[in-house]
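Contents: one structure, followed by commentary.
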Amino acid sequence: MTNKSQENNSNQLSNYLYSDQLIMDLVDMFDSSYDVIYVSDAKGKTLRVTPLSEHLYGKKESELVGKNVYDLEEEGVYSTSVTRLVLETGEKISRIQTTASGIRLMVTGIPIKDNKGNIIRVINASRNVTQVSKIKSEMEEMRKIIEGYKEELKSLRKKETEQKTITNNAQMEKVIQLAKRVATVDSTILILGESGVGKEVITNFIHKNSSRAENAFLKINCGAIPENLLESELFGYEKGAFTGANNKGKAGLFELADNGTLFLDEIADMPLSLQVKLLRVLQEKEVMRIGGTRSISVDARIITATNTDLKKEVAKGRFREDLYYRLNVIPINIPPLRKRPEDILLLANHFIEYFNETHTTDRRFSPQILHAFQSYDWPGNVRELQNIVERLVVTSDERKISSDLLPEEFHKCSINEESVKVNKIIPLKKCLELAEKQLLSLAREKYSSTTEIAKVLEVNQSTISRKFNKYK
C-alpha cells in the first residue's frame with residue numbers, strides 16, 4: 001500500500017470518528033441497551049430523543065427536539081440536566097435525574113469531542129430506576145416488619161420459657177428468681193438436685209433469658225458416653241488424630257457453643273483426666289483439639305449439673321477440688337417434688353393439657369387419680385410425673401381417666417391413705433380392728449381372690465382367710 005493510500009484511509013477514519021455518522025451509530029448502539037437516549041449539540045440544543053421520552057418526561061419527542069436543555073431544566077421537565085453538567089465540566093457525568101412525571105432516571109452523560117478536544121455532541125444514556133428505588137423502599141419496610149416480628153417472637157419465647165417454670169412453691173420461686181438474676185451474667189453455674197427434678201429445664205430457662213439466647217444451646221450427659229468418645233465430643237479432633245477419625249477433623253462442643261451455652265449434665269461422672277482439661281477451658285477460655293498443636297479461643301457459657309454430692313466425691317478423690325470450686329460459683333439447688341406438694345396437681349394439669357394437644361385427645365383426671373397423685377412420694381420427681389401423665393392419656397379409653405390405669409405402687413399408697421382416718425378418741429384395740437376391717441373391705445372390692453389380696457397386703461393367704469372369717 002502506498003503512502004498516499006494510507007493517508008486517504010487515515011483521513012477517512014478521522015472524518016468518521018468526528019462525524020454525525022459515528023454519533024448515530026453510538027445512539028443506535030446505546031438505544032438497544034438503555035431506556036432513553038438523549039442527544040444534544042455543543043450548545044445544549046436537543047437533537048434527538050428516543051420515543052420512550054413521552055412516558056418518562058411527559059413530553060413527546062417533537063416537543064423536546066430543538067429545545068435547549070437549559071430551558072427544559074428551568075421548565076422542570078427534568079431536574080439536574082446532565083447535559084448541562086457535561087458541557088460545563090467537559091467530563092463524563094453520572095447522576096440521578098428526576099423527571100416532571102416523578103420518574104427517577106440513572107443518567108450517564110458522555111461528551112463526544114473532535115480532534116481538537118472540543119465537545120460537538122453530548123449523549124445521555126438513561127435507565128429507569130424508579131422501580132429499583134421502590135423495591136429498595138419496600139425491602140426496607142419489610143426489614144422493619146421482620147425486625148418487629150423478631151422482637152415479638154423473642155418476647156413470646158421468653159413468655160413460653162417463663163410459663164414452663166410452673167410452681168406455687170415458695171422455695172421453687174426462689175430458685176426461679178435466682179435463675180433470672182444469674183441469666184444476665186456469664187458466671188459458671190452448678191445446678192444440684194435429684195434425678196428428674198428439672199435441672200435441664202432451669203438451664204434452658206437461664207439460656208433463654210440471657211444475652212446468648214439467639215446462639216447455640218448444646219448439652220451432653222457426661223455419664224452416658226465412654227471416656228474416649230466424651231473427650232472427642234467435647235474438645236474435637238484434627239484430621240488423622242486417631243483411627244476412624246473424620247478426615248476433615250471435627251469441632252468439639254466447646255467450639256460449637258461459642259457465644260452460646262454448653263450444659264454438662266452429670267458432671268460428677270466426668271473422668272479425672274477430662275476434669276483437668278475442663279478446668280483449663282474454664283480458666284483460659286481456650287481448647288485444644290485432640291491431635292492439635294494450637295489453642296482455639298472459645299466463649300461458651302458453662303452450666304453444669306449433678307444429683308451427686310460433689311463434696312463427698314472430692315473427699316473420696318473422685319472429683320478434683322480445684323474444679324469443684326471453679327464450678328460452684330453460683331449453686332442452684334432444686335428441691336425434689338415431694339418437698340413441693342403444692343406443685344404436684346399444678347404440674348399434672350399442665351402435662352395433661354400438653355399431652356392432650358400432642359396426641360389430639362381430651363382426657364381428664366378422676367378425683368381418685370388426683371388423690372393418688374397427692375399421696376404418692378414421687379421418687380422420680382417431675383420426670384416421673386410427666387411420664388405417668390402421658391401414659392394415662394395414651395392408654396385411657398374414656399374421657400375421664402380411671403384410677404385402674406395407675407401403676408400398683410399408686411394403689412398401695414392410695415389405699416393406705418384412705419384407710420387411716422381417726423375422727424375421735426377410741427380404744428386402741430377398737431381402732432386397729434376398725435382399720436383392719438376397712439382395709440379388708442377395700443381389698444375385697446379391688447381383688448377377686450384371697451391370694452391376690454394376700455400378695456397386695458404382704459401377708460400369707462391363710463392370714464387373709466382367717467381375718468375374713470373373723471369379721472363375717
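The values are calculated or read from the model by the stated rules, or taken from the named source; none is laboratory data. Remember, predicted model here, so these are calculated numbers, not experimental data. Reconstructed Cβ throughout: ideal geometry from the backbone, glycine too, with neighbour counts over all protein chains shown.
So for region 331-354 (the condition being among the basic types (Lys, Arg), within 19 Å of Val394 (Cβ to Cβ), surrounded by fewer than 18 Cβ atoms within 10 Å (Cβ to Cβ) and more than 28 Å from the chain's Cα centre (by Cα)), does at least one residue qualify? The answer is no; no qualifying residue exists. Taking region 163-195 as the search range and keeping residues that are in a loop (DSSP other than H, G, I, E, B) and without any contact (Cβ under 8 Å) to a residue 60 or more places away in the chain, which one is nearest to Leu310 (Cα to Cα)? The residue in question is Val185.
Examine region 229-244 for a residue that is surrounded by fewer than 18 Cβ atoms within 10 Å (Cβ to Cβ), touching a Lys or Arg at 6+ places or on another chain (Cβ under 8 Å) and modelled with pLDDT under 95, and state whether such a residue exists. Within region 229-244, one or more residues are surrounded by fewer than 18 Cβ atoms within 10 Å (Cβ to Cβ), touching a Lys or Arg at 6+ places or on another chain (Cβ under 8 Å) and modelled with pLDDT under 95. Candidates Arg48, Arg143, Arg127, Arg104: the one that is surrounded by 16 or more Cβ atoms within 10 Å (Cβ to Cβ), under 55 Å from the mean Cα position of the chain (by Cα) and basic (Lys, Arg) is Arg104. Across region 256-270, which residue is nearest to Ser210 (Cα to Cα) among those that are assigned to a loop (DSSP other than H, G, I, E, B) and not aliphatic (A, V, I, L, M)? It comes out as Gly260. Which of the residues that make up region 356-385 are under 31 Å from the mean Cα position of the chain (by Cα) and closer than 12 Å to Leu337 by Cα? Gly380, Asn381, Val382, Arg383, Glu384, Leu385 - these are the residues of region 356-385 that are under 31 Å from the mean Cα position of the chain (by Cα) and closer than 12 Å to Leu337 by Cα. For region 316-337, a residue qualifies if it is out of contact with any helix residue (DSSP H, G or I) (no Cβ under 8 Å at 6 or more places or on another chain) and in contact (Cβ under 8 Å) with a residue 12 or more places away in the chain, and the qualifying residues are Val329, Pro331.
Reported count of residues in region 196-232, each being part of a helix (DSSP H, G or I) and under 22 Å from the mean Cα position of the chain (by Cα), is 10. The number of residues in region 425-472 that are closer than 28 Å to Gln368 by Cβ and either assigned to a helix (DSSP H, G or I) or within 56 Å of the chain's Cα centre (by Cα) (or both) comes to 32.
Residue by residue, here is whether (1) in contact with a Phe, Trp or Tyr (Cβ under 7 Å, 6 or more places away or on another chain); (2) under 18 Å from Glu313 (Cβ atoms) holds:
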site	(1), (2)
Gly223	no, yes
Asn228	no, no
Tyr237	no, no
Gly260	yes, no
Ala268	yes, yes
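With respect to the stated conditions, Glu313 fails to be part of a helix (DSSP H, G or I) and either in the same structural domain as Arg399 (by TED's automatic domain parsing) or within 27 Å of the chain's Cα centre (by Cα) (or both). Scanning region 275-294 for residues that are without any contact (Cβ under 8 Å) to a residue 40 or more places away in the chain and closer than 26 Å to Gly317 by Cβ gives Arg280, Val281, Glu284.
For region 215-238, a residue qualifies if it is of a type in the set (D, E, K, R) and in contact (Cβ under 8 Å) with a residue 24 or more places away in the chain, and the qualifying residues are Lys219, Glu227, Glu231, Glu238. The one condition from (1) touching a strand residue (DSSP E or B) at 6+ places or on another chain (Cβ under 9 Å); (2) closer than 25 Å to Lys180 by Cα; (3) charged (D, E, K, R) that Glu313 does not meet is (2). Any residue that is over 25 Å from Ile303 (Cβ atoms), at pLDDT 90 or above, assigned to a helix (DSSP H, G or I) and charged (D, E, K, R) - is there at least one of those in region 388-403? The answer is yes; a qualifying residue exists.
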